[in-house]
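Structure, as structure tokens:
Throughout, read-outs are computed from the coordinates displayed, never taken from laboratory work. Worth saying up front: this structure is predicted, and the values here are computed from it rather than measured. Quick reminder, even Gly has a Cβ in these numbers, built from the backbone with ideal geometry, and neighbours come from all protein chains shown.
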Amino acid sequence: MRYLTYIFPLVFLFFTACGGGSDNQNQAQSSADTQATKSQSSDVRTINIIGVDQMKYVVEDENQQGITTGAKVGNDGMLKLETISADPGDKIRIQLTTQSQLPASAMAHNFILLMLSADVDAFNSAAIKAKDNNYIPSDMTDQIIAHTNLAAGGETVEVTFTVPEKTGDYPFLCSFPGHYAAGMEGTLNVE
């Protein structure tokens, strides 16, 4: 019994001494971890794109960093997205929202960024036949850098990717049937 009287205080002292620091140190570390996470996420440039019934990628804000726009689409004053410019190694998040009252079987959109060497027409022809795989041809996935799932009306999908190191014009498109042919496509310019 006398033995426990001496051991208990030593064990207690050991556990409190090895507790990893004071609460203030733990809070400071937690705060530093939070700041690091925020810093990492702020390194990702987000581009908000809207898919509309006119089968175009459009943007509400033409002043988003690194995009160029074309003509107005529809009556909402939104502008057709033409190009996205980026530096090699940049991180980009594409957030695609579909605005449509049509059922998903009639109108849904995705965003697919293809390799520099991809044959866009051949990819699109194969995609049309890949309904069971959300219009992503399984035998051509090696040509895809990044893609979203399909988004029906009111849905938002996103994908984050690292811009390729090789400079050039990388095509992107919506692979839902008829959309690429109607002009739902653009270019990622890596400069």
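Considering only Leu116, Phe176, His147, the residue lying farthest towards the positive end of the dipole of segment 45-190 is Phe176, judged by Cα position with unit charges set on Cβ.
The reciprocal of the average 1/r between distinct C-alpha atoms defines the Kirkwood hydrodynamic radius, which for segment 45-190 equals 15.1 Å. Provide the net charge surrounding Tyr180, with neighbours chosen by a C-beta distance below 12 Å and charges set as Lys +1, Arg +1, Asp -1, Glu -1. The answer is -1. For a straight C-alpha distance cut-off of 24 angstrom, the lysines reachable from Lys129 (same-chain residues fewer than eight places away being disregarded) are Lys56. Around Ala126, what is the net charge, scoring Lys/Arg as +1 and Asp/Glu as -1 over all other residues with Cβ under 15 Å from its Cβ? Spelling it out: positives minus negatives among the neighbours equals -3.
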